[in-house]
């Protein structure tokens with residue numbers, strides 16, 4: 001099975017080469033048969049890559065330690081779920097998952113791109129094939145997941161204990177669906193530059209792919225944040241870690257691309273800027289791949305690997321980013337710039353959105369790369385941490401969040417800012433009341449909390465106001481308003497949900513930062529600790545044995561009799577300890593408990609946090625994903641142009657007439 005998987009990977013590489021060359025030549029010659037090679041090559045390439053991936057999964061499930069990748073990242077005593085997820089817990093396996101998702105998106109374009117013009121579809125799939133070919137070559141030459149070891153060891157070296165968690169089953173696949181999903185937008189942009197033609201229909205074809213990639217990347221980032229929160233035992237949800245930043249930058253750029261594509265579709269404006277954003281978003285995704293796998297970063301979840309792999313990926317980075325930007329520089333001047341609009345309009349609001357988002361992405365990029373550049377140039381090691389990002393990123397985000405509710409309420413081409421402000425009066429009044437209530441009810445950190453929570457309320461009430469205004473509520477009767485509300489396009493509900501979700505996340509972040517408490521104490525059995533106004537009684541430690549670890553588990557009892565358990569595990573194969581945090585969720589808030597070191601007198605250090613409304617941080621991400629999913633279900637986003645059959649019928653009818 002391993003040899004079959006390896007051979008399937010070689011065949012997929014060969015097909016990717018065919019896919020990258022033949023349709024491109026066919027598009028240049030307007031040869032329908034050559035362009036027709038693209039779709040079956042893309043679908044077959046995905047099938048072969050899936051076969052290779054199944055072969056690797058099979059090796060992990062069967063604990064086949066004759067495969068180097070399985071030996072280094074698995075163990076026979078490991079639970080089956082973690083055996084399977086361990087297939088992408090290594091560099092080699094994660095890269096195979098990367099190309100599997102890449103070929104999957106290529107196959108989707110081939111299968112559902114029937115509405116695309118033949119030349120555009122051929123060029124898009126050719127670019128996708130070229131991306132695939134380079135990464136297949138990278139895997140086969142530097143990161144072969146099917147390399148054998150002879151003689152085969154009796155037992156494996158086990159997977160990093162931090163990765164032995166359900167989070168590994170969700171976070172990397174979802175993150176890669178976002179990362180790699182933007183490759184389709186990139187391919188559309190390069191295809192448009194090759195053809196030298198771009199129009200509103202192009203934006204309509206690109207928007208669903210952008211929306212799907214953004215949705216998965218949002219979920220991947222949220223899941224990664226929660227995984228780090230409960231697994232690493234540090235009690236935080238975001239550390240401005242370089243690899244966290246590597247996924248956050250394409251999310252910011254992708255959000256800008258999503259809004260820019262709306263302007264281009266509706267008003268045929270921002271054409272050149274939208275193309276550039278499509279290139280930059282995937283370029284930032286590739287940059288994230290390089291940072292994680294090159295070994296240049298020291299991170300909790302970066303793959304410290306052979307630097308030669310980093311050099312190879314740096315070459316890929318240079319090829320795609322440099323090549324696409326060069327093509328953009330050569331062809332952008334021949335493209336029409338698009339329509340004009342007044343600064344006070346929905347287009348103007350979306351341009352403002354783009355300005356803040358791209359500036360924020362540039363800020364994160366500078367803060368992430370600056371230490372690396374300083375080390376490479378001057379040989380000095382410096383660190384850029386949370387203070388830098390908080391001082392530069394937050395001032396950019398606050399005016400952006402304040403401006404967001406205005407955008408959907410402004411008209412296209414020329415809007416009425418005063419009229420939009422009048423319609424948002426209720427939302428503003430509600431936000432102001434919330435802020436004043438926080439000021440009156442809280443003393444510590446009240447000014448910061450009032451402003452932040454008021455901003456979150458402004459975002460959420462503004463999203464609801466958008467729906468009510470468009471439904472005519474309350475100017476019409478309740479039944480008419482309800483009928484109009486349910487009849488609104490799904491994309492409007494999706495937009496409102498996404499903005500509402502951002503408000504939820506902001507509310508969670510501000511609440512934890514302003515009102516969260518932290519307690520540290522040395523406790524013995526029977527001792528109590530005050531956490532967020534609740535009493536936490538330590539009920540003692542007990543030994544516990546898992547399938548591939550031993551543990552000391554501490555039980556804590558709350559006032560209402562419910563319990564919280566936290567443990568310290570030790571994995572003997574890896575000789576590595578981990579801390580499993582104890583978390584008690586109380587509606588949207590949480591009590592978070594971590595065990596520290598034991599003391600000579602028989603006590604144990606306990607670190608406990610009260611985290612008010614912390615779950616809203618991640619629930620907001622789920623609501624944003626739901627908004628994207630609702631928008632994707634809108635038929636208007638799935639109709640780019642008449643199908644080929646309808647187009648031919650129309651042409652035949654015209655000829656007959």
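Here, each number is a calculation from the coordinates, and none is a lab measurement. Nothing here was measured: the structure is a model prediction, and the numbers come from that model. Note: ideal-geometry Cβ built from the backbone for every residue, glycine included; neighbour counts use all protein chains shown.
General observations
- Most to least packed among 365-372, 344-351 [average Cβ atoms within 10 Å]: 344-351, 365-372
- The modelled label-to-label distance for the pair residue 7/residue 439, using points 7 Å beyond Cα in the direction of Cβ, is 7.5 nm.
- Neighbour counts of C-beta atoms inside 10 Å place 234, 214 in the sequence 234, 214, starting with the fewest.
- Sorting 271, 611 from the fewest to the most surrounding beta carbons within 10 angstrom yields 271, 611.
- Residues residue 197 and residue 47, FRET efficiency given R0 of 41 Å [Cβ-Cβ distance, rounded to 0.05]: 0.80
- Subtracting the Cα-Cα distance of residue 80 and residue 383 from their residue separation scaled by 0.36 nm leaves 105.1 nm.
- For the listed peptides 584-590, 618-624, a ranking on the average number of other beta carbons within 10 Å per residue, highest first, reads 618-624, 584-590.
- The distance separating the Cα centre of region 324-396 from that of region 172-248 comes to 16 Å.
- FRET efficiency, 1/(1 + (r/R0)^6) with R0 45 Å, evaluated for residue 530 and residue 112 via beta carbons: 0.20
- Calculated FRET value between residue 141 and residue 33, using beta carbons and R₀ = 35 Å, to 0.05: 0.60
- Peptides 76-87, 43-54, ordered by how many other C-beta atoms sit within 10 Å of their residues on average, highest first, read 43-54, 76-87.
- Recomputing Cα extents along the principal axes in Å from the coordinates shown identifies the correct label among (1) 146, 110, 45; (2) 95, 75, 55; (3) 163, 89, 42 as (2).
- Just so you know, the averaged projected area of the alpha carbon convex hull for region 424-516 sits at 6.2 nm².
- With helices as the sole contributors, the chain gives -21500 deg cm²/dmol at 222 nm; each DSSP H run of n ≥ 4 counts as -39500 (n - 2.57), and the sum is divided by every residue.
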